[in-house]
Amino acid sequence: MSEVTELIDAYRAGELTLDELAQRFRDRVWPTPRPAARSVDELYERELEDPDPPVEGSFDEVVNAYHAGQITAAEYKALAHAVTGPT
């Protein structure tokens with residue numbers, strides 16, 4: 001299990017608030033096989049068209065948690081903003 005999955009699980013268990021989870025996401029170094037997204041919209045767009053397999057420890061795990069119903073659209077958006085910074 002990767003750090004990203006562990007953090008999402010801790011949030012879902014009530015061990016972290018959304019603000020704490022977002023801060024942890026802001027502070028961590030994310031693997032980026034290509035240049036980092038410059039905006040939330042660009043991040044969303046890339047995730048929709050990304051044919052590459054998911055990378056462990058990457059934002060792919062957040063996307064998977066959203067699709068699995070583990071986080072809401074609002075939570076996903078907050079975490080995406082935390083990773084990409086202000087837009």
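All of the numbers you see were taken from the coordinates with simple rules; none came from a lab. Just so you know, these numbers come straight off a predicted model, no measurement behind them. Using ideal geometry, Cβ is built from the backbone for each residue, glycine included, and neighbour counts are taken over all protein chains shown.
Tally Lys and Arg at +1 and Asp and Glu at -1 over the other residues with C-beta under 12 Å from the C-beta of D9: what net charge comes out? So the environment of D9 carries a net charge of -3. Ordering of 62-71, 22-31 by packing is 62-71, 22-31, highest average first (other Cβ atoms within 10 Å, averaged per residue). Each Lys or Arg adds one and each Asp or Glu subtracts one; over the other residues with Cβ under 15 Å from the Cβ of A68, this totals -4.
Taking the Cα centre of the range 3-84 as reference, the dipole from Cβ charges on Lys and Arg (+1) and Asp and Glu (-1) amounts to some 220 debye.
Computed from Cα positions, the angle between helix 3-12 and the longest principal axis of the chain comes to roughly 50 degrees. With kT/(6 pi eta Rh) evaluated at 10 °C and eta = 1.306 mPa s, and Rh the Kirkwood radius from Cα pairs, the range 3-84 diffuses with a coefficient of 124 µm²/s according to Stokes-Einstein.
Between helix 18-27 and the chain there is an angle of about 50 degrees, using the helix long axis and the longest principal axis of the Cα atoms.
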